[in-house]
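Q: Supplied in structure tokens, the structure appears directly below.
The values are calculated or read from the model by the stated rules, or taken from the named source; none is laboratory data. Here the structure is a predicted model, which is why all the values come from computation and not from measurement. Positions of Cβ are generated from backbone atoms using ideal geometry, with glycine treated the same way; all protein chains shown enter the neighbour counts. When the accessible area is computed, the model is the full protein with side chains, heavy atoms only, and any ligands, DNA or RNA have been set aside. Shrake-Rupley method; radii C 1.70, N 1.55, O 1.52, S 1.80 Å.
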Amino acid sequence: MHTKSETTVNKEDAQFPKPEFDNSFPVVPLHKFVMFPRMGTRLSFDRQITLNALRHIDDSKGFVICLLQKNKDVEIPKEDELYSVGILAFVKGISGTPNNLLLVNLFGILPVEVTKISSQEKEGGKYFSAYAKPRFLEFKDKKLSKSLAENLLVSMEQYIKTQQNLPENIRDILKGIPPEERCMIAHSFLKIPDDEHQSILECATLEEMYSKIDLAVNTAMEVHRIISLNRQQVEIKMQRSQREYMLQEQISQLQRELDEINVNDQDSESYSKKAKELRFPLSIKEKFDEEMSRLKLLNPMNPEYTVVRNYIDWLLALPFGIYTEDVLDIKRATENLNSKHFGLEKVKERILEYIAVLQIAEKLKNKEVKSPILCLVGPPGVGKTTLAMSIANAMNRNLARISLGGVHDDAEIRGHRRTYIGSMPGRIVQALRKAKSMNPLILLDEVDKMSSDFRGDPASAILEVLDPEINTEFTDHFIEVGIDLSRVFFVATANTPDGIPAPLYDRMEIVRIPGYLHFEKEHIARDFLIPKILKQNSLTAKQFKVTDSAINGILREYTREAGVRELERKLETMARKRAMELVSNKKFLPQISVKQLSTYLGVPDFAGPRLIDEKRSGVTTGLAWTPVGGDVLHIECVLLPGKGKLQLTGHLGDVMKESAQIALSLVRERAKKHKIPEEKFRRSDIHLHFPEGATPKDGPSAGIAITLAMLSVFTGKQISPFIAFTGEVSLVGRLIAIGGLKEKSLAALNSGVKKLILPKDNQKNVEDLPDVVKKGLEIKMFSHIDEVIKELIVVD
């Protein structure tokens, strides 16, 4: 229920019909409003119990009894939850609203006291109906009536001065009303809670009603007096505070003006003192003096002052003239590198060569030695990043890492010009500041994953950094003066050389880090990974021990990678499960054997060697290179009735498709020699498939394997799956060298291959293969495809 309009006092009630108190009246429960006699108001209703009551006003000649609820929060009150004293009101009109509310014009007639109330259930729903009697109050002492009425006029006249939204003519309204009714009308103007209104309405005598109204008026005026007094005191305090604030601000402003006179001198003195402690190059010193002169002329409130000050801060933060002393002890460097990394002999050899050159140059006092620029290329997980960290540690160089993955703005390298808001130096200068020396080892991580767009090409910016001939004067857009990077040891890392731009590739010394051999992974797990995992998981060697056979089982059945990251994750999983067993007081064997791997790691992810053990014609074993190492590639060829078409499946690239066409031409050229009827080519379709079709495959190195698979299917001669082939074949049958031989040979060895056939031009690569590969594989090299065919397929 909501009040919708102002209240009005009406002196004439003769226009309404006379209520019949012998009959019952519908009850309208009120929970947010109190009705008064001689008062007209418009209320809105939406409660069903009220709407039902209003449907039966014709039975009571338009009269209803308005009763206040004892609990305002009750939506549907009970009979005993309504006050017994209320107002008999006449319904002057009813109208609806668009939001389904019922607007009712009511006029209060007189106070009544309910003698009986009951719940009715008729057509339309439940409502309350009540019998009532009128309440006519009188003065016990009629001599007091006039004085009480006059006092009420005076009190109400003072009361309206303390309240808002009350009519100013209340005195005139009350003056024309008899003393017996005056207090009831005055009561309606009081701004007091509903329960206090109800208490006044329930008074037994007029003296009591006048007394309660007078108390409510005096209480309201006293509250208003106290509030006014507090407000005055607050205003006085606020005026005093404002005055003090204004004086304080004036003093502060004067102080700031006095400080500004000396701030430039203070900053200049501080910067000059710091500059004396650094060994600036001549060009940097000239630039510093120039910017200091500008700073002295600028007002600190000028925005340019902050820009110049920020620039000077950067100049003073760079470690000009600070160089760490290199450790040139070959023996110590060797021990340091070997303690952190197993294998990687070529990389270690290159670092030791550089240390040897530095050692000689120091004896001869030769300062022209330039730092090498290495690029470690290898699959993920082989330790490229950690190796760079070990190099820095071995040489006693500070390390700064720059991640270039996803960088596509050359400003990231060269910095932003000072004309831009928030400009700052590029990553090279930031790395020097972080390293706190001018000869650190800067690691350019993921150099093959840079990109370029409309903002610039970061690879072009890196060219200036990595060119030994010009990086003595590297110019950062923010610093604007050449910085000598010739003594910085740059080490870049990449997964594949394909993503490195050619000019950048040409400026770096490429050091390839192939995948680890099976026995190397075993050694790394035993001597490096397990001790590290024991420390990380707070376990001892007695609590967590993995047998060599178990490590071998993890490598064969749970990992397939060039590096050791997945191997480390599997060992960490086993260590965590062992920790759970310890805290749960479960019984376990301290040593984890290969039989327990499924308990700790679940079902194997891979099924060991991937060779097809079945020997049949048309199937050969090839080798492939992938970013994560080498892999075995099976080639399957079948003949179908047809018209001589060649069908290729297995997600092949254009180069591989051309290799298949060349292989078919080579087989057809040798058909007569191997007694293959020409009719067989015309009436057969050749379907060549490379399993794992979702994996893209490309490159010419499967040429030998494809040629032998086709020849095998046409002749019916079988080729052992334990013989693997890699090498490109030309149209005249010449075998051409291929790359990635180490990765491919490792994959062949780990998969159970016994013999490896490859082009003779790869002789130089075979010499670099690890001894375990040379001992584990029978390697044969040929110059022509006919030599391979003669070796494997006997002509009848």
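Q: Go through segment 61-77 and give me each residue that's open to solvent by 40 Å² or more (accessible area, probe 1.4 Å) and touching an Asp or Glu at 6+ places or on another chain (Cβ under 9 Å). Give the steps one after another, and end with the answer.
A: Filtering segment 61-77 down to residues open to solvent by 40 Å² or more (accessible area, probe 1.4 Å) leaves 61, 70-73, 75-76.
Across segment 61-77, the qualifying residues are LYS61, LYS70, ASN71, LYS72.
Q: Still on this structure, please answer the following. If GLY415 satisfies every condition in (1) open to solvent by less than 50 Å² (accessible area, probe 1.4 Å); (2) under 16 Å from LEU318 (Cα atoms); (3) modelled with pLDDT of 85 or more but one, which is the exception?
A: So GLY415 meets the others, but not (3).
Q: Taking the options VAL382, VAL357, VAL429, name whichever one is out of contact with any helix residue (DSSP H, G or I) (no Cβ under 7 Å at 6 or more places or on another chain), crowded, with 21+ Cβ neighbours inside 10 Å and either free of Cβ contacts under 8 Å to residues at least 12 places away in the same chain or part of a helix (DSSP H, G or I) (or both).
A: Working: VAL382 fails: either free of Cβ contacts under 8 Å to residues at least 12 places away in the same chain or part of a helix (DSSP H, G or I) (or both); VAL357 fails: crowded, with 21+ Cβ neighbours inside 10 Å.
Going through VAL382, VAL357, VAL429 in turn, the sole match is VAL429.
Q: Can you name the residue in segment 18-42 that is assigned to a strand (DSSP E or B) and within 14 Å of GLN198 (Cβ to Cβ) and is also nearest to the chain's Cα centre (by Cα) among such residues?
A: Taking segment 18-42 and keeping what is assigned to a strand (DSSP E or B), we get 25-30, 39-42.
Cutting the leftovers down to within 14 Å of GLN198 (Cβ to Cβ) gives us 29-30.
Details: PRO29: 57, LEU30: 55 Å.
Filtering first and then ranking leaves LEU30.
Q: Something else: Given the criteria exposed (fewer than 13 other Cβ atoms within 10 Å of the Cβ), at pLDDT below 70 and more than 15 Å from SER188 (Cα to Cα), does LYS143 qualify? Before the answer, list the steps.
A: Details: exposed (fewer than 13 other Cβ atoms within 10 Å of the Cβ): yes; at pLDDT below 70: yes; more than 15 Å from SER188 (Cα to Cα): yes.
Against the criterion (exposed (fewer than 13 other Cβ atoms within 10 Å of the Cβ), at pLDDT below 70 and more than 15 Å from SER188 (Cα to Cα)), LYS143 qualifies.
Residue-wise test of (1) open to solvent by 60 Å² or more (accessible area, probe 1.4 Å); (2) in contact with a helix residue (DSSP H, G or I) (Cβ under 6 Å, 6 or more places away or on another chain); (3) without any contact (Cβ under 8 Å) to a residue 40 or more places away in the chain.
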{"site": "PHE725", "(1), (2), (3)": "no, yes, no"}
{"site": "VAL732", "(1), (2), (3)": "yes, no, yes"}
{"site": "LEU735", "(1), (2), (3)": "no, no, no"}
{"site": "ILE738", "(1), (2), (3)": "no, no, yes"}
{"site": "VAL766", "(1), (2), (3)": "no, no, yes"}
{"site": "GLY776", "(1), (2), (3)": "no, yes, yes"}
{"site": "ILE793", "(1), (2), (3)": "no, no, no"}
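Q: Step by step: first the residues of segment 481-500, then only those that are hydroxyl-bearing (Ser, Thr, Tyr) and under 35 Å from the mean Cα position of the chain (by Cα), then the one that is farthest from LEU444 (Cα to Cα). Which residue is that? So that I can check it myself, show each step before the final result.
A: Start the filter on segment 481-500 by keeping residues that are hydroxyl-bearing (Ser, Thr, Tyr), which leaves 486, 493, 496.
Applying the additional criterion that residues be under 35 Å from the mean Cα position of the chain (by Cα) yields 493, 496.
Working: THR493: 6, THR496: 15 Å.
My answer is THR496.
Q: While we're here: Of the residues LYS532, LYS570, LYS577, only one is charged (D, E, K, R), crowded, with 19+ Cβ neighbours inside 10 Å and under 37 Å from the mean Cα position of the chain (by Cα); which? Before you say what the answer is, go through the steps one by one.
A: Details: LYS532 fails: crowded, with 19+ Cβ neighbours inside 10 Å; LYS577 fails: crowded, with 19+ Cβ neighbours inside 10 Å.
After ruling out the rest, the residue left standing is LYS570.
Q: Hey, another quick one. Which one of the conditions (1) at pLDDT 85 or above; (2) open to solvent by 40 Å² or more (accessible area, probe 1.4 Å) does HIS408 fail to meet, given that it meets all the rest?
A: (1)
Q: If you take just the strands (runs of 3 or more DSSP E) that sit entirely in segment 64-173, which of them hold at least 1 residues that are closer than 20 Å to ILE213 by Cα?
A: By residue number, 85-96, 102-122.
Q: Residue pairs, Cβ under 7 Å, 6 or more apart or interchain, first in segment 280-309 and within 19 Å of MET424 (Cβ to Cβ), second polar (S, T, N, Q). List them.
A: Note: pairs meeting the criteria are LEU295/ASN264; LEU295/SER268; TYR305/ASN299.
Q: For segment 434-475, which positions are of a type in the set (Asp, Glu), modelled with pLDDT under 85 and either touching a His at 6+ places or on another chain (Cβ under 6 Å) or part of a loop (DSSP other than H, G, I, E, B) (or both)?
A: Residues satisfying the conditions are ASP453, ASP457, ASP467, GLU469.
Q: Would you mention how many residues in segment 178-210 are part of a helix (DSSP H, G or I), touching a Ser or Thr at 6+ places or on another chain (Cβ under 9 Å) and open to solvent by 70 Å² or more (accessible area, probe 1.4 Å)?
A: 1
Q: So is GLU446 surrounded by fewer than 23 Cβ atoms within 10 Å (Cβ to Cβ), in contact (Cβ under 8 Å) with a residue 40 or more places away in the chain, at positive phi and acidic (Asp, Glu) or not? Break it down into steps so the answer makes sense when it comes.
A: Working: surrounded by fewer than 23 Cβ atoms within 10 Å (Cβ to Cβ): yes; in contact (Cβ under 8 Å) with a residue 40 or more places away in the chain: yes; at positive phi: yes; acidic (Asp, Glu): yes.
Yes, satisfied.
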